[in-house]
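The values are calculated or read from the model by the stated rules, or taken from the named source; none is laboratory data. Keep in mind that this is a model prediction, so the values were computed, not measured. Cβ sites come from the backbone with ideal geometry, for glycine too, and all protein chains shown count toward neighbours. Quick note on the areas: whole protein, heavy atoms, side chains included, nothing else; ligands and nucleic acids left out. Shrake-Rupley method; radii C 1.70, N 1.55, O 1.52, S 1.80 Å.
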Amino acid sequence: MIPATADKQHKDAFMLYAEGKYQESLDLCNRLLETTRDPALEILAATNLFSLGKLEEAEVYFRDLARKMPESSHVHSYLAKVLEQRGDEGAIAEYAAAVRLDPDNQDALRSYAASLLAGNDCRGALPVLKRLYVLGKRPDDCRNLATALTRTGRAEEACALYQSPVAGHTKSREYIEALCAAGRYREAADEARGLCDESHDPAIIRLYLAARAGADAATAPEAYASSLKEVPDPGIFLDYTLLLRERGEHLRGLAAVKKLIAIDNKPQHHLIACELSAALGDHANTLLAYENLIRKELDAPCPAETFRQILISYRGYIRSQFPPEQALTRFLSLVPGDTNVVSLTETAELYREQGDPGEARSWYYRAYRADYINGGLPYAEFLASQGDDRESEKVLLYILANVRKLADLCRIAAAVTKNEGTLHRMRRFTGELIRRLEERRDMLGSEVRECLAAAYRSAAADALSREDYAACMHDCLCGIDALPAYSGNCRPDDFLVLVQQCKPQMLTDCPVVKAQAPVTGKKTESLRPVQAMSEIMALTEPEQKILVFLATHRRASETDLRRLLDTRRVAGIVNALIRKSATQGIMLIEKKGMSAEGEVYEYSGT
């Protein structure tokens, strides 16, 4: 039998992949790659690993390919998919790299937009979805764009888009939501009624009833009551209860929420019942219901934010019904002063409302010691409100120094930048916040990028007040650069006003932005010593041994490393080492193919 030619085997590898035979395709790719270095085959091998669910190996492979082919949109797009499936925060940065390298790569655009929408970053998704709409004219792209427009306050644009030929004017929940958001309740009710008749989906019925309430408030309660006889859905019951409360029909609302609790026994619903009972003046039962609810949630904790809302409501109620000392005694006898950070912060808030800042500070401090983020942020805010900016800044700097997760960093940025006066008074913290956000700039969503821009705006205003005009100009330009495409509270004009104040005061025209070479997408290799790199990447002892060995000998086989570590688990350790170095923006180890002694690794650092 005549052996298949290399070209035939090359085609067979792609054919096997197309047929879903990923392992056979991968095996063939590996055999072919022993004798040739074909980029297409390398990408196919990595794609096979991804399709087989071997995400760790796929990540290492794609990172290696991204280093070799930094301008390949396809490689960055697939690396992003791997990272996304692994729950890695860096996925969004790789998607961004993919679409930046090829703005016409519709697969990358679609994946990037989906990732942004999944993270509720509709503002960030808008430019991507608009590009897709222009390129593909697909109905699903049109609907996604319209949904993003609705959620970013551009409902009329969304309605116009739904009526375009591309959307096909098909009835959909998203179109009804856009009509409601635009205040076109009558049209929304008409659309929803037709969809209800087709699907009988409780979510659509809720939309229909909400639209009808907007169009005809007088008949809305009867419409809800009639629907609930046919579809006793918890969501519809909740909307009905809230509508009755808004209309001041507290007795009917209480009856409705009791029926809701019977089918959906959530603490939020019990809280509504307490508040309605209080509005009716049934204070004996209200107090009992509040305190039973709090005891129940202390025994079987509900989500922290729900428990906080319960305590806030209870605190307000007892303050309205009892003298200050009696209200305080009642609250302290019920709410424990242990390590529950919600209990601690709400107790502190009660003391604050009672006009006892000293005791409030003590309880806020205990909350800070119990949870440096969830207790520390309220403590820092309290200190700032009391004029103790120095201590507040120390607390914020401590929080910032210890936070590791991107979500926590974003939360701190959002909490602090909402009060720009605080930032303006805390120069060290503002600078450190900017530094930490800039470190992870390519992973930030639109809301946090706007927080970064707000921090730059504050820093620029502070620099202007100190007559440091170069710093003011620099911070303004950085702030404009950080702004997302569709900004909200922080706008380009904010910076231009500062620039206009700053420019006439500058005695010389020293440049604040240095000319830079164009960005090629290639990452510069680090010149840091191996030991320093080990510390920065927090390498384990086996990983350090491998790195030092390869830096010394430049090349080693899998067998060599097994002898070095006295373990067969070399491949996994090397993969982890490659992944850690890649997160630092460098590639220290490169896979050079297979040999008789297993995989061959080469040190590619300097």
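Test Ala360 against the criterion of being over 27 Å from the mean Cα position of the chain (by Cα) and open to solvent by less than 40 Å² (accessible area, probe 1.4 Å), and give yes or no.
Details: over 27 Å from the mean Cα position of the chain (by Cα): yes; open to solvent by less than 40 Å² (accessible area, probe 1.4 Å): yes.
For Ala360, the condition - over 27 Å from the mean Cα position of the chain (by Cα) and open to solvent by less than 40 Å² (accessible area, probe 1.4 Å) - is met.
Mind counting the residues in the range 541-588 that are outside any helix (DSSP H, G or I) and modelled with pLDDT of 85 or more?
Qualifying residue count, the range 541-588: 2.
With the condition being within 29 Å of Tyr133 (Cβ to Cβ), touching a helix residue (DSSP H, G or I) at 6+ places or on another chain (Cβ under 7 Å) and in contact (Cβ under 8 Å) with a residue 40 or more places away in the chain, I'd like the helices (runs of 4 or more DSSP H) fully within the range 23-107 carrying at least 3 qualifying residues.
The qualifying helices (runs of 4 or more DSSP H) are 91-101.
Checking the conditions here, which among Val60, Val75, Val128 is open to solvent by less than 20 Å² (accessible area, probe 1.4 Å), hydrophobic (A, V, I, L, M, F, W, C) and closer than 27 Å to Thr147 by Cα?
Working: Val60 fails: closer than 27 Å to Thr147 by Cα; Val75 fails: closer than 27 Å to Thr147 by Cα.
So the residue among Val60, Val75, Val128 that is open to solvent by less than 20 Å² (accessible area, probe 1.4 Å), hydrophobic (A, V, I, L, M, F, W, C) and closer than 27 Å to Thr147 by Cα is Val128.
Check Ala158, Ala210, Ala215 and return the single one that is small (Gly, Ala, Ser) and open to solvent by less than 20 Å² (accessible area, probe 1.4 Å).
Ala158
Working only within the range 259-285, note down all residues that are of a type in the set (A, V, I, L, M) and assigned to a helix (DSSP H, G or I).
Leu260, Ile261, Ala262, Ile263, Leu271, Ile272, Ala273, Leu276, Ala278, Ala279, Ala284
What about Ala279, is it more than 28 Å from Val395 (Cα to Cα), at pLDDT 95 or above and open to solvent by 40 Å² or more (accessible area, probe 1.4 Å)? Steps first, please.
On the way: more than 28 Å from Val395 (Cα to Cα): yes; at pLDDT 95 or above: yes; open to solvent by 40 Å² or more (accessible area, probe 1.4 Å): yes.
Criteria met by Ala279.
Which residue, of Leu83, Leu149, Leu41, is out of contact with any Gly (no Cβ under 8 Å at 6 or more places or on another chain) and closer than 30 Å to Val448 by Cα?
Among Leu83, Leu149, Leu41, only Leu149 is out of contact with any Gly (no Cβ under 8 Å at 6 or more places or on another chain) and closer than 30 Å to Val448 by Cα.
As an exercise: evaluate Asp338 against (1) surrounded by fewer than 13 Cβ atoms within 10 Å (Cβ to Cβ); (2) over 21 Å from His269 (Cβ atoms); (3) in contact with a Pro (Cβ under 9 Å, 6 or more places away or on another chain) and give the number of the one condition it does not meet.
(3)
In the list Glu305, Glu381, Glu325, which residue meets the criterion of being within 30 Å of Arg425 (Cα to Cα), free of Cβ contacts under 8 Å to residues at least 12 places away in the same chain, open to solvent by 10 Å² or more (accessible area, probe 1.4 Å) and not in a loop (DSSP other than H, G, I, E, B)?
After ruling out the rest, the residue left standing is Glu305.
Just to be sure before I move on: is Leu243 in a helix (DSSP H, G or I) and under 19 Å from Gln268 (Cβ atoms) in the structure I sent?
The answer is yes for Leu243.
If we keep just the residues of the range 36-57 that are more than 18 Å from Glu24 (Cβ to Cβ) and within 26 Å of the chain's Cα centre (by Cα), which is least open to solvent (accessible area, probe 1.4 Å)?
Looking at residues that are more than 18 Å from Glu24 (Cβ to Cβ) and within 26 Å of the chain's Cα centre (by Cα), I get Leu55.
Is at least one residue of the range 179-202 closer than 22 Å to Ala113 by Cβ and at pLDDT 85 or above?
We begin by selecting, within the range 179-202, every residue closer than 22 Å to Ala113 by Cβ; these are 181.
Okay, now just the ones that are also at pLDDT 85 or above, so 181.
Yes, the range 179-202 has at least one match.
Scan Leu44, Leu49, Leu132 and give me the residue that is modelled with pLDDT under 95, within 24 Å of Glu447 (Cβ to Cβ), out of contact with any strand residue (DSSP E or B) (no Cβ under 7 Å at 6 or more places or on another chain) and of a type outside the set (Lys, Arg).
Leu132
Of the residues that make up the range 451-466, is at least one open to solvent by 50 Å² or more (accessible area, probe 1.4 Å), closer than 22 Å to Asn419 by Cα and either in contact with a Gly (Cβ under 8 Å, 6 or more places away or on another chain) or assigned to a loop (DSSP other than H, G, I, E, B) (or both)?
Yes - at least one qualifying residue is present in the range 451-466.
So Ala192 fits all but one of (1) in contact (Cβ under 8 Å) with a residue 24 or more places away in the chain; (2) in contact with a helix residue (DSSP H, G or I) (Cβ under 9 Å, 6 or more places away or on another chain); what number is the exception?
The one condition Ala192 does not meet is (1).
Looking only at helices (runs of 4 or more DSSP H) that lie completely in the range 126-206, which have at least 2 residues being of a type in the set (D, E, K, R) and under 24 Å from Ala96 (Cβ atoms)? Please lay out each step first, then the result.
Working: elements: 139-151, 155-162, 173-181, 185-199.
Passing ranges, in order: 139-151.
How many of the residues making up the range 394-419 are closer than 28 Å to Glu89 by Cα, among the charged types (D, E, K, R) and in a helix (DSSP H, G or I)? Step through it out loud before you land on a result.
First pass over the range 394-419, keeping only residues closer than 28 Å to Glu89 by Cα: 395-419.
Restricting the remaining residues to those that are among the charged types (D, E, K, R) gives 404-405, 408, 411, 418.
Now narrow it down to the ones that are in a helix (DSSP H, G or I): 408, 411.
Final tally of qualifying residues: 2.
Listed residues Asn402, Asn419, Asn374; which is of a type in the set (S, T, N, Q) and within 20 Å of Phe307 (Cβ to Cβ)?
The unique qualifying residue is Asn374.
When you look at Val134, is it β-branched (Val, Ile, Thr) and touching a Lys or Arg at 6+ places or on another chain (Cβ under 9 Å), yes or no?
When the stated conditions are applied, Val134 does not pass them.
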